[in-house]
Amino acid sequence: MPVAGLLAYGATAQLSPGAQLASAVLASGIAFASHGGKTAIRAAITPSPEPLSNIGLSLSEDALAIGLVWFATRHPYAAAVIVVILLVCLIFVVRMISKSLRALFRGAQAQWQRLQVGGSGASD
């Protein structure tokens, strides 16, 4: 993520220092969101026992990264729109994953409490 900020800062050398700093912060934020979302999606997919989803996800990530970089060199404004759309989709996916994880842990906590209550009453 720091590299994204430095790259954006260097790429906008013709702008004012304030605009350079703003672009560096924006690039760092986008990099943070994309890497964080990728990690969340990877954490949701990886525990599955079958290898096809993991292989498919890895190949899709690679193809998307290479394709988007190529597309950005030919059509930068269209690539920027695609990045914004992907970030919005990523926000929704991460929210769904976090909600499902919270529900999972609430269920586990409730089951743990039932076991503790049941276990303490049986020892009397």
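Assorted remarks:
- Principal axis dimensions, the range 11-97 - Cα atoms, whole angstrom, descending: 52, 27, 17
- Accessible surface of the chain, 1.4 Å probe: 75 percent of it comes from carbon and sulfur atoms.
- Taking the Cα centre of the chain as reference, the dipole from Cβ charges on Lys and Arg (+1) and Asp and Glu (-1) amounts to some 280 debye.
- Selected from Ala65, Thr46, Ile91, residue furthest toward positive end of dipole (the range 11-124; charges at beta carbon): Ile91
- Ligands, DNA and RNA are left out, and with a 1.4 angstrom probe the accessible area of the chain is 74 Å² per residue.
The values are calculated or read from the model by the stated rules, or taken from the named source; none is laboratory data. What you see is a predicted model; the values in this text were computed from it and never measured. With ideal geometry, Cβ positions are generated from the backbone for all residues, glycine too; neighbour counts draw on all protein chains shown. Please note that ligands, DNA and RNA were not included when accessible areas were found on the heavy atoms of the full protein model with its side chains. Shrake-Rupley method; radii C 1.70, N 1.55, O 1.52, S 1.80 Å.
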